[in-house]
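A short write-up of the structure that comes next.
Only the coordinates and a few stated rules stand behind these numbers; no lab work does. All values reported here derive from a predicted model rather than from experimental measurement. Counting neighbours? That spans all protein chains shown, and the Cβs are built from the backbone with ideal geometry, glycine included.
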Protein chains: 2
Amino acid sequence: MSLSDTVIRRLPLYLHFLRQQPENVQNVSATGIAAGLGLGDVQVRKDLALISGAGKPKIGYDRLELIDALEDALGNRNKKPAVIAGAGKLGTAFLEFDGFDDFGINIAAAFDCDAKKTGYSGSGKYIYPMADFEDFCRTENIVIGIVTVPASAAQDVCDKMVASGIKAIWNFAPVRPTVPDGVLLQNENLASSLALLSSRLA
Amino acid sequence: MSLSDTVIRRLPLYLHFLRQQPENVQNVSATGIAAGLGLGDVQVRKDLALISGAGKPKIGYDRLELIDALEDALGNRNKKPAVIAGAGKLGTAFLEFDGFDDFGINIAAAFDCDAKKTGYSGSGKYIYPMADFEDFCRTENIVIGIVTVPASAAQDVCDKMVASGIKAIWNFAPVRPTVPDGVLLQNENLASSLALLSSRLA
């Protein structure tokens with residue numbers, strides 16, 4: 001079963017909502033989920049049908065079964081190991097953010113070219129010097145790389161990621177690096193999003 | 001002149017690239033910018049024509065003039081004041097990130113419901129208790145609100161922002177809050193982006 005990008009983007013919302021419900025909530029309705037998330041009823045029902053089948057009339061979905069189905073769809077049973085390149089403010093925030101663990105990836109470590117940053121971060125994850133990058137990624141079978149270095153270093157870091165066997169790159173540097181065919185690249189430019197919001201205000 | 005969303009999203013990339021060039025670089029070509037950012041030549045030329053006119057044949061654009069034109073288009077002459085609600089890891093990273101200042105907004109302060117967080121952040125910006133939110137926003141004419149609170153608090157915070165005169169909300173909580181007509185809402189779900197990247201790997 002292949003889900004569309006827009007459906008996949010909504011699955012973490014459902015999962016987060018269901019996990020936030022009190023322990024004693026056994027059943028949830030599509031209507032309740034839709035209201036809680038500010039989404040449409042019909043959309044929620046369609047999305048959930050794709051990953052779990054229909055809810056029972058007047059009862060809805062078993063909450064824990066639906067959580068299981070969402071975790072399966074998001075690959076949480078088989079977490080993909082990731083690394084962060086660039087332990088500046090954004091990189092460190094990501095390293096210490098436990099929310100990513102819920103969505104099918106496990107951040108194994110961060111790397112920084114400044115050797116003074118080597119050591120444990122606040123969250124107990126390790127920041128290594130950049131010189132150890134390729135060895136670490138090969139040994140730990142890292143498949144996802146998160147780029148939080150300055151723009152001027154982003155292409156070099158992406159090249160290093162590709163050379164280290166990484167298959168998907170999530171880039172936060174404000175450039176568009178190039179990667180070979182077969183490597184996924186997702187550019188995330190927070191400044192661009194902010195510029196867009198700000199311009200709409202004008 | 002009204003620019004499309006996709007053009008506006010690229011303007012911060014150009015601006016960042018031009019500012020990163022050495023001081024003694026007087027002229028830049030569309031080809032050089034395109035190569036530096038991994039974009040297409042034709043696209044760069046079209047985008048720049050919209051905000052600054054065409055470059056001179058064989059010379060290109062005057063770098064400083066182009067920076068001025070981009071800053072104008074992005075509203076940097078008239079920075080819009082913003083606040084952050086939620087001084088957790090992501091909120092604090094944003095508060096200390098100086099990159100937003102370059103793109104037409106000025107983050108004035110952060111707010112948190114935990115009074116123990118009150119005080120100066122590492123960057124010298126102040127974190128206030130949530131009780132001061134409306135007064136501060138009214139006094140400082142805040143127009144943009146950045147939401148980095150947990151999902152369960154996001155709707156309350158958005159309501160408070162709207163009641164405080166905020167006109168555009170940039171929401172990082174994993175829910176879709178509702179806002180009245182006339183208020184802009186941009187949802188940014190990093191977990192959703194990561195889920196999408198991770199699922200493409202499967």
Working only within segment B:19-42, note down all residues that are more than 11 Å from every other protein chain (Cβ to nearest Cβ) and over 15 Å from residue B:59 (Cβ atoms). B:22, B:23, B:24, B:41, B:42
List the pairs whose first member sits in segment A:1-19 and is in contact (Cβ under 8 Å) with a residue 24 or more places away in the chain, whose second member is among the β-branched types (Val, Ile, Thr), and whose Cβ atoms are under 6 Å apart, counting only residues at least 6 apart or on separate chains? A:18/A:67
Enumerated helices (runs of 4 or more DSSP H) restricted to segment A:121-202, each holding at least 3 residues that are under 27 Å from residue B:79 (Cβ atoms) and either touching a residue at least 24 places away in the same chain (Cβ under 8 Å) or within 9 Å of another protein chain (Cβ to nearest Cβ) (or both): A:190-201
Go through segment A:27-51 residue by residue and tally those that are out of contact with any Asp or Glu (no Cβ under 7 Å at 6 or more places or on another chain) and either part of a helix (DSSP H, G or I) or of a type in the set (S, T, N, Q) (or both). 17
Before we move on, is residue A:70 more than 18 Å from residue A:172 (Cβ to Cβ) and in contact (Cβ under 8 Å) with a residue 40 or more places away in the chain? yes
All positions within segment B:1-14 that are more than 9 Å from chain A (Cβ to nearest Cβ) and either in a helix (DSSP H, G or I) or within 16 Å of residue A:173 (Cα to Cα) (or both): B:6, B:7, B:14
The one condition in (1) within 12 Å of chain A (Cβ to nearest Cβ); (2) at negative phi; (3) surrounded by 23 or more Cβ atoms within 10 Å (Cβ to Cβ) that residue B:104 fails to fulfil: (2)
Out of curiosity, is residue B:46 surrounded by fewer than 20 Cβ atoms within 10 Å (Cβ to Cβ), basic (Lys, Arg) and without any contact (Cβ under 8 Å) to a residue 12 or more places away in the chain? yes
Report, by residue number, each residue of segment A:11-27 that is buried (at least 22 other Cβ atoms within 10 Å of the Cβ) and farther than 18 Å from residue B:149 by Cβ. A:11, A:14, A:15
